[in-house]
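Chemist: So that we are looking at the same thing, I have put the structure below in C-alpha cells.
No lab work stands behind these numbers, since they all come straight from the coordinates. The shown structure was predicted, so the numbers you read here are calculated from the model rather than taken from an experiment. FYI the Cβ positions are ideal-geometry reconstructions off the backbone, even for glycines, and counts take in every protein chain you see.
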Amino acid sequence: MSSKIYNVPNISCGHCVATIERELGEVAGVAGVRASLDTKQVTVDHDDQAVLSRVEETLKEIGYPAAA
Ligand SMILES: [Cu+2]
C-alpha cells in the first residue's frame, strides 16, 4: 500500500471534503481517501500507481484540480 498526497487549493468547506472523499472513493483501485480542510490536502491510498491518473482526472472533473 502506498499513499499519494495532493494539494487541492479549491477545498473551502466541509462539503468539499465530503464530495472529494465520496467521488474518489468510487474510483477503481482507490483503497482509501482522506481530505483535509485545514491543510487543503487529499491523501489517496492505493496499491497501483496507475490508479493515480484516474484520481487526477476525477479531481479535475469534479472541480477540485490538484495543484501542480
Ligand atoms: Cu466546500
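Chemist: Karplus couplings for region 29-42 from phi (6.51 cos²θ - 1.76 cosθ + 1.60, θ = phi - 60°), rounded to Hz, Gly and Pro as x?
Modeler: Those phi angles translate into x, 7, 8, x, 9, 9, 10, 10, 5, 5, 9, 6, 10, 10 Hz.
Chemist: Here is a further query. Considering the chain as a Gaussian network with a 10 Å cut-off on Cα pairs, which listed residue, Thr39, Thr58, Thr19, attains the greatest mean-square fluctuation?
Modeler: Thr39
Chemist: Looking at the chain as a GNM with Cα springs under 10 Å, which of Ala35, Ala18, Ala50 has the largest mean-square fluctuation?
Modeler: Greatest mean-square fluctuation among the candidates belongs to Ala50.
Chemist: With charges set only on the Cβ (+1 for Lys and Arg, -1 for Asp and Glu), what does the dipole of region 2-61 come to about its Cα centre, in debye to the nearest 20?
Modeler: With only Lys, Arg, Asp and Glu charged at Cβ, the dipole is about 180 debye.
Chemist: Here's a follow-up. Please state the shape class of region 24-68: rounded when a/c is under 1.5, otherwise prolate if a/b exceeds b/c and oblate if not, all from the C-alpha gyration tensor.
Modeler: Oblate, because a/c is 1.5 or more while a/b does not exceed b/c.
Chemist: Sorted from fewest to most neighbouring beta carbons within 10 Å, what does the list Val30, Val44 look like?
Modeler: Val30, Val44
Chemist: The chain: which GluC sites (Glu not before Pro) are DSSP loop and have at most 16 other beta-carbon atoms within 10 angstrom?
Modeler: For GluC sites (Glu not before Pro) across the chain that sit outside H, G, I, E and B with at most 16 neighbouring Cβ atoms in 10 Å, the list reads Glu26.
Chemist: So, one more: Compute the relative contact order of the chain as a whole-number percentage, counting only Cα pairs closer than 8 Å that sit 6 or more residues apart in sequence.
Modeler: Taking the mean separation of contacting Cα pairs over the length of the chain, I get 42 percent.
Chemist: Put +1 on the Cβ of each Lys and Arg and -1 on the Cβ of each Asp and Glu in region 2-61; which of Pro9, Thr58, Gly29 then has its Cα farthest toward the positive end of the dipole?
Modeler: Pro9
Chemist: By counting other Cβ atoms within 10 Å of each Cβ, how are Arg22, Arg34 ranked from fewest to most?
Modeler: Arg22, Arg34
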